[in-house]
Amino acid sequence: QFMDRKLYLGIAPKLSYSLIFYDKTSGNENITWDQSDILKGINNLSGSPKLNSYGVMGGGLDLGLLSPYESREGAWGISIKNAISQLSGKKEITGAADSSISTRAPLKITVGSETKHELPYLNEVTIAADFDLATAEDTRAFKRIHLGLEKKLFNDNLKLWTGINQGFIVAGFGYKLGILLIEYGYFAEENGYNLGDQTAKSHLFTLGLRF
């Protein structure tokens, strides 16, 4: 406790390995491939680009702080991803000596809140909001905002999700059927600087077993 408030601190050490693709002749890591190029390279088809890669490995530490609200059901918190990080490896370059790589995983600081509310027609729902205070890349404000709403039905066996991620509407559901867990989600994110520059959309379907 701190000043009569409950605080929960989380510390997560981790071991990381990252595979980085690059141009072996120049050492350049800024390469543009389309989906066709990637599929040709993976399957070693004619006309495929040369897929060179090197690995970096090391350790790191994630931190988190959570504090429940006193007036309502829910909590606020802050997370620091890669608060401590050290990665190293070697990159081969054609016609030159191997380059020693020493870097760190991207730092990300996020503050968020989750509370339960009574809404008209929907009754009790859980509303969550996150904002990225700090990221490794220069991003627009809309890319830092994440909002979500969860509605539970049928004795919590069915969960409906919707929200906004980086300006895009996302949605999904989860259903517990005996020992089976069925989940579907539609997700979108912006990999470019402006909305619509390099939008990535995906559908994720998961089938699992509950124990």
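The values are calculated or read from the model by the stated rules, or taken from the named source; none is laboratory data. Note that this is a predicted model, so its numbers are computed, not measured. So basically every Cβ, Gly included, is an ideal-geometry build from the backbone, and we count neighbours across all protein chains shown. The accessibility values were calculated without ligands, DNA or RNA, using every heavy atom of the protein model including side chains. Shrake-Rupley method; radii C 1.70, N 1.55, O 1.52, S 1.80 Å.
Scanning the range 64-95 for residues that are among the charged types (D, E, K, R) and outside any strand (DSSP E or B), we see that the one that is nearest to the chain's Cα centre (by Cα) is GLU73. I'd like the full set of residues that are open to solvent by 90 Å² or more (accessible area, probe 1.4 Å) and either out of contact with any Phe, Trp or Tyr (no Cβ under 6 Å at 6 or more places or on another chain) or more than 30 Å from ILE84 (Cβ to Cβ) (or both), limited to the range 40-60. Hits for the range 40-60 are ILE42, ASN43, ASN44, LEU45, SER46, LYS50. Scanning the range 182-211 for residues that are within 16 Å of ALA141 (Cα to Cα) and of a type in the set (A, V, I, L, M) yields a count of 1.
If I go through the range 19-43 residue by residue, how many of them are free of Cβ contacts under 8 Å to residues at least 24 places away in the same chain and within 21 Å of ALA200 (Cβ to Cβ)? Steps first, please.
Pass one, the range 19-43, residues free of Cβ contacts under 8 Å to residues at least 24 places away in the same chain: 28-43.
From what's left, within 21 Å of ALA200 (Cβ to Cβ): 29-42.
Residues in the range 19-43 being free of Cβ contacts under 8 Å to residues at least 24 places away in the same chain and within 21 Å of ALA200 (Cβ to Cβ): 14 in total.
Of the numbered criteria (1) touching a residue at least 40 places away in the same chain (Cβ under 8 Å); (2) of a type in the set (Ser, Thr, Tyr); (3) closer than 27 Å to ARG104 by Cα; (4) outside any loop (DSSP other than H, G, I, E, B), the one SER53 fails is (1).
Among the residues of the range 101-119, just one is basic (Lys, Arg), assigned to a strand (DSSP E or B) and under 22 Å from the mean Cα position of the chain (by Cα), namely LYS108.
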